[in-house]
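Chemist: My questions will all concern the structure given below.
A short reminder: the numbers here are calculations on the coordinates, not readings from a lab. Predicted model only: the values in this text are computed from it and were never measured. As a convention, Cβ positions derive from the backbone with ideal geometry for all residues, glycine included, and neighbour counts pool all protein chains shown.
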Amino acid sequence: MKKKILSALLATMVVGSVTAMAAPAEIEEGKWDITIGSSFSPNTEDNGYDVDGDSGLYGNITYGMDDKWALQYDYSHYGYGQKGWSAKGDANEVNILYKLSPNLNAYAGYVYYGENYDGAGYHTDGAQIGLQGWYPIADQVNLFGKIGLGNNNQVYELGATYQFADDWGLD
């Protein structure tokens, strides 16, 4: 049982980091930015247990309060498991963003993770801080990354986004 719980916690770290990715928003006063996406969750192994990830859905909405500050809400849904057990979870974040440079934001906020592990509910929450940045590689395509640290979480994200319009993107 300890190995299953350890595997589930490891998968939460890996899957939670991957499925929560969403491209950073460019901050402009009065601008709304909406990003949606789907991610694949990797399969991993821990102590001989295979942990299979499911695809996840995520998105965020950001509002520019002025040219330096923004408010952002992030949501992601993920799942993982192996033969005999499974877990599904949701992550909700509310962050304040501050534009450090045209392609780099600092953020601070609150995150809540809720999971259902074989019918038993579990949650954790806490404060977090970090950096998110992006680099344009084509007219409507950006590479992005995010790194963060909190009292109950660590975030490492990499991805790419395609901007359909000024306010709409798909990761």
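Chemist: Can you give me the three principal axis dimensions of region 99-171 from its C-alpha atoms, in Å, biggest first?
Modeler: 46, 27, 19
Chemist: Along Cα→Cβ, 7 Å out, is where each label goes; now give me the distance between the ones at ASN103 and LYS88 in nm to one decimal.
Modeler: So the two model labels end up 3.9 nm from each other.
Chemist: Next question, about the same structure. Label-point separation (nm) for TYR112 and ILE34, each offset 7 Å from Cα along Cα-to-Cβ?
Modeler: 2.2 nm
Chemist: Sticking with the crude label model, points 7 Å out along Cα→Cβ, report the distance from GLN154 to ILE96 in nm, one decimal please.
Modeler: 2.7 nm
Chemist: Stretch TRP69-GLN140 to full length: gain in nm at 0.36 nm per residue minus the Cα-Cα span?
Modeler: Result: 23.2 nm gained on full extension.
Chemist: Further question on the same structure: Give the calculated FRET efficiency between ILE129 and TYR162 to the nearest 0.05, with a Förster radius of 25 Å applied to their Cβ-Cβ distance.
Modeler: Details: r = 28 Å, r/R0 = 1.13.
E(calc), rounded to 0.05, equals 0.30.
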